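See structure below.
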Amino acid sequence: MVNEFLGNPNFNISAQTVSASCPSNIALIKYWGKYESQIPANPSISYTLNHCRTNTALEFVADEKFSVQTFLGGNEEKKFAEKIEKYFKDIEPFLPWILKGRYVIKTENTFPHSSGIASSASGFGAIAKCLMNLDEEFSGKLEKDFTLKKASFLARLGSGSACRSLYGGLVVWGETQEVPGSSDLFAVPYPTDEIHSVFKNFNDWVLLIHEGEKSVSSTVGHGLMKTNPYAERRFQEAHENFFSLREILKTGEISRFIRLVEHEALTLHAMMMMSEPAFILMKTGTLDVIHKIWNFRKETRLNLFFTLDAGANVHLLFPENSDADKIREFIVKELLQHTQNGGVVKDEMRF
Ligand code: DP6
């Protein structure tokens with residue numbers, strides 16, 4: 001399977017600068033737990049965002065000595081460069097020219113750096129795209145679909161969730177019988193003709209409850225699933241949730257969608273609390289917002305709901321329709337006060 005991604009050993013390198021842009025994504029069914037070589041313990045599905053993205057320029061100069069220098073928003077980031085060096089060494093079998101030069105990588109996020117919004121998905125997505133651009137320069141043009149698939153394969157080896165950012169709309173990573181063609185090695189777009197129109201015009205407003213570094217990284221969190229006594233049940237449930245979600249996406253049953261998505265978010269955080277050692281990434285503000293959303297929904301029957309990533313921020317999800325203004329009004333009046341600095345990132349999923 002991996003063989004199809006092995007790189008062309010006949011390449012012809014020269015100095016090149018390439019650039020690429022890649023959006024972030026937010027998972028609905030979560031990836032939490034993995035095996036060797038970034039193989040996910042269960043299938044996941046995410047919405048690709050329209051605005052939060054990483055723009056990357058990668059300068060390559062052929063050289064005997066391999067080195068990487070990285071800049072984020074104009075500032076040199078040595079730690080990130082070390083991570084990229086290790087990543088490039090890991091993916092050498094798939095891009096045999098990769099260690100034969102010096103790199104300067106300049107990257108910028110369209111969302112605030114301190115926001116706590118994960119930049120690894122859009123970041124590795126953009127780097128993987130840049131690498132595939134270089135690969136085409138050095139080893140020859142490839143079929144467009146294969147280039148994307150290999151970019152997704154390479155992005156996964158940098159950060160699991162990144163492989164889903166290569167496609168727009170709803171994207172699946174991890175083998176599930178519910179989605180033909182799905183794979184543990186790369187992501188595939190969820191067929192748009194099987195998605196009800198209500199899910200194709202959505203908003204995601206990210207409340208920045210806590211800005212800055214989180215106390216436990218995703219990588220450590222994934223590792224703790226290895227000894228979590230509830231892990232196997234959780235992985236099984238993710239499969240079951242795919243079965244339900246497929247039906248929901250087709251029929252447009254939004255109330256079932258809400259239940260499933262919120263359950264997934266809370267399960268992710270429940271897994272953290274059941275880890276040994278336990279950890280909690282939600283803050284008081286996260287819980288306050290969740291309770292307010294539940295009350296609001298009970299009182300108004302309007303479709304405002306939430307998901308969480310591995311942090312304290314709350315992704316507020318709501319369809320764009322004639323009710324959306326009332327929901328926006330409620331968010332501004334009642335929910336913004338729970339953010340650290342009034343921070344909110346307004347994104348959307350339209351496809
Ligand atoms: C909670 O993709 O950041 O956002 O593969 O170790 O880089 P690594 O982890 P990462 O994990 C993301 C976890 C999540 C859920 C998800 O995006 O599916």
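Residues that are touching a Gly at 6+ places or on another chain (Cβ under 8 Å), within 16 Å of the ligand (Cβ to nearest atom) and open to solvent by 30 Å² or more (accessible area, probe 1.4 Å) within region 91-142 comprise ASN109, GLY116, ALA118, SER120, listed in sequence order.
Looking at LYS200, LYS226, LYS214, just one residue is modelled with pLDDT under 95 and surrounded by fewer than 19 Cβ atoms within 10 Å (Cβ to Cβ), and that residue is LYS214.
Select from region 1-33 the residues that are surrounded by fewer than 21 Cβ atoms within 10 Å (Cβ to Cβ) and either among the hydrophobic types (A, V, I, L, M, F, W, C) or within 24 Å of the chain's Cα centre (by Cα) (or both) and list them in ascending order. Even if it seems obvious, please write down each step before you answer.
Within region 1-33, the first condition is being surrounded by fewer than 21 Cβ atoms within 10 Å (Cβ to Cβ), and the residues that meet it are 1-21.
Correct list: MET1, VAL2, PHE5, LEU6, PHE11, ILE13, ALA15, VAL18, SER19, ALA20, SER21.
Run down SER37, SER44 and say which single residue is within 16 Å of the ligand (Cβ to nearest atom), surrounded by 17 or more Cβ atoms within 10 Å (Cβ to Cβ) and in the same structural domain as LEU134 (by TED's automatic domain parsing).
Working: SER37 fails: surrounded by 17 or more Cβ atoms within 10 Å (Cβ to Cβ).
Of the residues listed, the single one that is within 16 Å of the ligand (Cβ to nearest atom), surrounded by 17 or more Cβ atoms within 10 Å (Cβ to Cβ) and in the same structural domain as LEU134 (by TED's automatic domain parsing) is SER44.
Can you confirm whether region 190-207 contains a residue that is away from the ligand (no atom under 16 Å from the Cβ) and within 30 Å of PRO277 (Cβ to Cβ)? Yes: one or more hits.
Yes or no: ALA310 open to solvent by less than 40 Å² (accessible area, probe 1.4 Å), within 13 Å of the ligand (Cβ to nearest atom), part of a helix (DSSP H, G or I) and among the small types (Gly, Ala, Ser)? No: the conditions fail for ALA310.
Among the numbered criteria (1) farther than 21 Å from SER19 by Cβ; (2) within 14 Å of the ligand (Cβ to nearest atom); (3) open to solvent by less than 10 Å² (accessible area, probe 1.4 Å), which single criterion is violated by ALA155? Looking at each condition in turn, ALA155 falls short on (1).
Suppose we filter PHE60, PHE71 for residues that are touching a residue at least 60 places away in the same chain (Cβ under 8 Å), away from the ligand (no atom under 16 Å from the Cβ), farther than 21 Å from ASN313 by Cβ and outside any helix (DSSP H, G or I); which single one remains?
Values: PHE71 fails: touching a residue at least 60 places away in the same chain (Cβ under 8 Å).
Answer to the check: PHE60.
Evaluate the following for ARG246: is it exposed (fewer than 13 other Cβ atoms within 10 Å of the Cβ), in a helix (DSSP H, G or I) and more than 18 Å from the chain's Cα centre (by Cα)? Step through it out loud before you land on a result.
Details: exposed (fewer than 13 other Cβ atoms within 10 Å of the Cβ): no; in a helix (DSSP H, G or I): yes; more than 18 Å from the chain's Cα centre (by Cα): yes.
Spelling it out, it is not the case that ARG246 is exposed (fewer than 13 other Cβ atoms within 10 Å of the Cβ), in a helix (DSSP H, G or I) and more than 18 Å from the chain's Cα centre (by Cα).
The values are calculated or read from the model by the stated rules, or taken from the named source; none is laboratory data. For clarity, every value in this text was computed on a predicted model and none was experimentally measured. Glycine gets a Cβ as well: all are built from the backbone with ideal geometry, and neighbour counts include every protein chain shown. With ligands, DNA and RNA removed, areas are computed over all heavy atoms of the protein, side chains included. Shrake-Rupley method; radii C 1.70, N 1.55, O 1.52, S 1.80 Å.
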